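Asks: Here's a structure for you.
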Amino acid sequence: MAISSLVFLAVVLGATGLFAYKASILFRLAKATKGPVWSGNRMDRLAERVETFFTNVLFQKAVLKKKKAGLMHVAIFWGFMIITIETMELFAYELFPGFSLSFIGESAYATLRLIQELFTLLVLSGVGYAFYRRLVLRPEGLGKSTDAIIILSLTSGLMLALLAMRSFHILAEPNDNNAVMFASMWISGIWQSLGVTPEVASTMAAGFRWFHHLLVLGFMVYIPSSKHLHVLTAAPNTFFRKLETPKGMRKVNLEAEDATSFGAGKISDLSWKDTLDLYACTECGRCQDACPAWNTQKPLSPKALVHDLKDSLYENKLALLSGKTDEVKPILGSKITDDVIWACTSCRACESACPVFIEQTDKIYEIRRNMVLMESRFPAELQTVFKNIENNFSPWAMSPDERDKWTEGLEVRTMAQIAASGEQVEYLFWVGCAGSFDDRSKKVSKALVSILKKSGIKFAILGKEEKCTGDPARRAGNEYLAQTLIQENVNVLNNYGVKKVVTACPHC
């Protein structure tokens, strides 16, 4: 093997080793987070997972929800996919001088080179728009990122190095069939007009080939510690996504004998999937743009939250890797404050907007649970809400005896009355707290009663036996109160043998 090939091999092995070391640390950090994974088994429904992988990773469906930015990303993504073939060919050429993919056939090889030329230009176009977007348009959600500028510069450097290498190669070997590489051919004409000789062109081609190699290897080493980590993690994060889109929350086993705490007080309390979420973030800002809290000047930015959680993960790296979880610092601090956590409306708009399917809301829920259950740390206003739910079975200071007062004059029967008469009804109308007490929502309840009656549907309500579903308490972190109400309601439903429920309340 030639000395140049040995040097190249040493450089490749060194860069690969450094990349593997960095990647191993990220993998070990993910394993060190031991929290429960919301939505259970992430390997079920494999056919659907494979489908969502191809749809959203290879064909970029979620990314294309924003057309201009999406098309820019598609150009860069597919450009890298196509150009990686040429990169591998060039690597092989360094190890085995004279190697090329021309063995696939002259016509096929010419077509491949044409496609690579086209995608090189597409990537440069995408990078140009990305620079324009970041430096001129500057959308708020995107923010400022030196890291992004470095990555875009590296990307453009890779493409320009390829064009320069190809153009000098064309000039050095004019008999080679390079006409399909039209842009490189045009550039080679410029070199020729400047008096560059074939000998000098050959040297320059080799120089830019090596420059491209070093950029590729440097990029590889840089990825694990940059925002471009999503190049490696977005695909598995998409594969392991929640296939359904539940609005509810994960149930906690409050009676678990081995539980030492509930919720997430430290970064180590999150799960491996949560950590993968942090790695997968592209910092595109779509979650922030969609967030009603951020758009009403609240302190919560889903994008900043994910970034700050990742910072917390890295800051506690030594403690996590050594298994000393008692030394891991709390999540809440100077960056992630109480106000940030309580600003979330739990609408999951951020998750719907995210092109790589990060689950921001569940992390907020887990932090809230820890604050409420472990520290009794919540806004003073919630004390009143919790007290009302516990004593009045609704978030408001309304008497539970007035829960069915809205039905006066409507001839609506309760399940207790139905059971006493020996009759049966098909549906239980679950009214909910708002439908029972809020003046505007009571109009909705009455309207639904009118529809049900005119449709000839037999129904009844629970009346005074109905209680808050527990959902407000659960979303506010009070899992104990939520489960108490849930079980009481389940007992009532089971007592009447309820099979079908209709409600006008989306929360219920």
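Asks: Could you tell me the center-to-center distance, by alpha carbons, between the stretch 41-55 and the stretch 191-210 in angstrom?
Replies: Each part's Cα centre sits 49 Å from the other's.
Asks: Turning to a different aspect of this structure: Round to a whole angstrom and tell me the spacing of the C-alpha centers of the stretch 456-476 and the stretch 357-401.
Replies: When both Cα centres are located, 18 Å separates them.
Asks: Please name which of 98, 470, 433 has its Cα lying farthest along the dipole of the chain towards the positive end, using unit charges on Cβ (Lys, Arg +1; Asp, Glu -1) and the Cα centre as origin.
Replies: It is 433.
Asks: Evaluate 2.2 N^0.38 Å with N set to the residue count of the stretch 156-224, then give the Cα radius of gyration divided by it. Walk me through the intermediate numbers first.
Replies: Values: Rg = 12.9 Å, N = 69, 2.2 N^0.38 = 11.0 Å.
With N residues counted in the stretch 156-224, Rg over 2.2 N^0.38 Å equals 1.18.
Asks: What's the longest uninterrupted piece of the chain once you rule out the chymotrypsin sites (Phe, Trp or Tyr not before Pro) that are loop residues per DSSP with at most 16 other Cβ within 10 Å? Intermediate results must be reported in sequence, preceding the final value.
Replies: Details: sites that count: 59, 99, 396.
Result, exposed sites excluded: 100-395.
Asks: Something else: Give the whole-number value, in cubic angstrom per residue, of the convex hull volume spanned by the C-alpha atoms of the stretch 281-323.
Replies: On the way: hull volume 3.0 nm³, N = 43.
About 70 Å³ per residue, rounded to a whole number.
Asks: Dipole of the chain (Lys/Arg Cβ +1, Asp/Glu Cβ -1, origin at the Cα centre): which of 502, 82, 360 lies farthest to the positive side?
Replies: Towards the positive end, the residue furthest out is 502.
Asks: In whole percent, what relative contact order does the chain give with Cα contacts below 8 Å and a gap of six or more residues?
Replies: In percent, rounded to a whole number, it is 15.
Asks: What does the charge count near residue 11 come to, summing +1 for each Lys or Arg and -1 for each Asp or Glu among other residues with Cβ under 15 Å from its Cβ?
Replies: Numbers: positive: 209; negative: 94.
Here the charged neighbours net out to 0.
Asks: Magnitude of the Cβ-charge dipole of the chain, K/R +1 and D/E -1, about the Cα centre, nearest 20 debye?
Replies: Working: 57 positive and 50 negative charges, 188 e Å.
Here the size comes out at about 900 debye.
Asks: For the stretch 1-127, calculate the relative contact order in percent as a whole number, restricting contacts to Cα pairs under 8 Å that are 6 or more residues apart.
Replies: On the way: 58 pairs, mean separation 38.0, N = 127.
So the answer I get is 30 percent.
Asks: Sticking with this structure for a sec: Could you tally the net charge around residue 82, taking each other residue with its Cβ under 15 Å from the Cβ of residue 82, Lys/Arg +1 and Asp/Glu -1?
Replies: -1
Asks: Another question, then. What is the spin-label model distance, in nm, from residue 335 to residue 43 if the labels are put 7 Å beyond Cα along the C-beta direction?
Replies: 3.2
Asks: Do you know the relative contact order of the stretch 57-125, to the nearest whole percent, from alpha carbon pairs under 8 angstrom that are 6+ apart?
Replies: Working: 39 pairs, mean separation 26.0, N = 69.
RCO, the stretch 57-125: 38 percent.
Asks: If you place +1 on the Cβ of every Lys and Arg and -1 on the Cβ of every Asp and Glu, how big does the dipole about the Cα centre of the stretch 385-508 come out, in debye to the nearest 20?
Replies: Values: 17 positive and 15 negative charges, 83 e Å.
Roughly 400 debye for the stretch 385-508.
Asks: Within the stretch 336-351, list the residues whose amide N lies under 14 Å from a label point set 7 Å along Cα→Cβ of residue 507.
Replies: Hits in the stretch 336-351 for residue 507 at 14 Å: 345-347.
Asks: For the stretch 347-466, take every pair of Cα atoms, bin their distances at 10 Å starting from 0, and report each bin as a whole percent.
Replies: Result, from short to long distances: 12, 29, 24, 23, 11, 1 percent.
Asks: What GluC sites (Glu not before Pro) does the stretch 360-422 have in DSSP loop regions with at most 15 other beta carbons within 10 Å? Numbers along the way, then the final one.
Replies: On the way: sites: 366, 375, 381, 390, 402, 408, 411; in loops: 408, 411.
Taking the stretch 360-422 and a limit of 15 other Cβ atoms within 10 Å, the loop GluC sites (Glu not before Pro) found are 408, 411.
Asks: Given the protein chains as shown and a 1.4 Å probe, how many square angstrom of residue 258 are accessible, to the nearest 10?
Replies: 130
Asks: Among 318, 487, 414, which residue has its Cα furthest toward the positive end of the charge dipole of the chain, with +1 on Lys/Arg Cβ and -1 on Asp/Glu Cβ?
Replies: Of 318, 487, 414, it is 414.
Asks: What angle do you read, to the nearest 10 degrees and between 0 and 90, between the alpha-carbon axis of helix 479-495 and the longest principal axis of the chain?
Replies: 60
Asks: Which log10 I(q)/I(0) values does the stretch 403-508 give at q = 0.18 Å⁻¹ under the Debye formula, counting every alpha carbon as one identical point scatterer?
Replies: -0.89
Asks: The stretch 76-115 to the stretch 284-314: how many Å between their Cα centroids?
Replies: 41
Asks: What trypsin sites (Lys or Arg not before Pro) in the stretch 374-403 are in a loop by DSSP, with at most 16 other Cβ atoms within 10 Å of the Cβ?
Replies: Numbers: sites: 377, 387, 403; in loops: 377, 403.
Loop-located and lightly packed - 377.
Asks: Something else: What accessible area per residue comes out for the stretch 133-224, rounded to a whole number of Å², with a 1.4 Å probe? Walk me through the numbers on the way to the answer.
Replies: Working: 4540 Å² over 92 residues.
Averaged over the residues of the stretch 133-224, the accessible area is 49 Å².
Asks: So what is the 222 nm mean residue ellipticity for the chain from helices alone, if each DSSP H run of at least 4 adds -39500 (n - 2.57) and you divide by all residues, rounding to the nearest 500 deg cm²/dmol?
Replies: Values: 22 runs with 289 residues, N = 508.
After summing the helix terms and dividing by the residues of the chain, the value is -18000 deg cm²/dmol.
Asks: If you roll a 1.4 Å probe over the chain with all protein chains in place, what percent of the accessible area is carbon or sulfur?
Replies: Details: 15510 of 25540 Å².
Carbon plus sulfur share of accessible area: 61 percent.
Asks: Okay, moving on. Which of the trypsin sites (Lys or Arg not before Pro) found in the stretch 47-142 are loop residues per DSSP with 14 or fewer other Cβ atoms within 10 Å of their Cβ?
Replies: Working: sites: 49, 61, 65, 66, 67, 68, 113, 133, 134; in loops: 61, 66.
Filter output for the stretch 47-142: 61.
Asks: Express the accessible area of the stretch 1-79 per residue in Å², computed with a 1.4 Å probe while the remaining protein chains stay in the model.
Replies: Values: 4690 Å² over 79 residues.
Solvent-accessible surface per residue comes out at 59 Å².
Asks: Just the accessible area per residue of the stretch 234-325, please: how many Å² with a 1.4 Å probe? Before the final figure, lay out each step's value.
Replies: Working: 4010 Å² over 92 residues.
That works out to 44 Å² per residue.
Asks: Same structure again: Under 14 Å from the Cβ of residue 425, count the other residues' Cβ atoms, weight Lys and Arg +1, Asp and Glu -1, and hand me the total. Could the numbers behind the result be given before it?
Replies: Working: positive: 413, 453, 458, 499, 500; negative: 411, 423, 426.
Taking every Cβ under 14 Å from that of residue 425, the sum is +2.
Asks: Once R0 is set to 45 Å, what does the formula 1/(1 + (r/R0)^6) return for the Cβ-Cβ distance between residue 390 and residue 214, expressed as a FRET efficiency to the nearest 0.05? Intermediate values should be presented prior to the final figure.
Replies: Numbers: r = 65 Å, r/R0 = 1.46.
After rounding to 0.05, the efficiency reads 0.10.
The values are calculated or read from the model by the stated rules, or taken from the named source; none is laboratory data. Owing to the predicted nature of the structure, the values given are computational and were not obtained by experimental measurement. Because the Cβ atoms are built from the backbone with ideal geometry, glycine has one as well, and the counts that use them run over all protein chains shown. Note: areas computed on protein heavy atoms with side chains; ligands, DNA, RNA excluded. Shrake-Rupley method; radii C 1.70, N 1.55, O 1.52, S 1.80 Å.
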